[in-house]
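Structure first, commentary second.
What follows draws every value from the coordinates through simple rules; no lab data is involved. Since this is a predicted model, take the numbers as computed values, not measurements. Here the Cβ positions follow ideal geometry from the backbone for every residue, glycine too, while neighbour counts run over all protein chains shown.
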Amino acid sequence: MIAAIILTAGLSSRTKGSNKLLLNYKGKKIIKHSVKSILDSKINHTVVVLGKNKTKIKKEIPKRKNISFVYNAKYKQGMASSILVGIKSLPKQTKSFFISLADMPEIKSTHYNKMISNE
């Protein structure tokens, strides 16, 4: 099984009070672009690590069997704490995984698939 950990728990400190994942980009919220790319790829399971604005972020992500959510209570400590929470939440069958930032709307499913095929 190939999995992805999407890091959504950041503070968005450079966007002056707004959560950048909830900003619109090309007609959709940034988080929706990132999730769609993963769902359209050959990745089998996605773990979404939530933190700041967890309820608002979770509303933007479709409910599917291959998506699980985990809350990082220590999200203010930085990205490494979210990565650890995500790794601990991966399904036992996981053979490899991506750590994906949720604020990269230009990363497409083809990018993931190319890395998977080069595995």
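Things worth noting here:
- Over 30 Å between alpha carbons, listed pairs K65/K108; K63/K108; K76/K114; K88/K114: K76/K114
- Burial order of peptide ranges 52-60, 91-99 (average beta-carbon count within 10 Å, highest first): 52-60, 91-99
- Note on the chain: the C-alpha convex hull projects to 7.2 nm² when averaged across all orientations.
- Once the chain from L84 to N66 is taken as fully extended at 0.36 nm per residue, the excess over their C-alpha distance is 4.5 nm.
- Note: relative contact order over the chain, using C-alpha pairs below 8 Å and six or more positions apart, is 41 percent.
- Structure remark: mean-square fluctuation, Gaussian network model of the chain, C-alpha springs under 10 Å; the largest value among L21, L84, L39 belongs to L84.
- The stretch 33-74 and the stretch 76-119: distance between their alpha carbon centers, rounded to Å: 11
- Rounded to the nearest 20 debye, dipole of the stretch 2-117 from Cβ charges on Lys, Arg, Asp, Glu: 320
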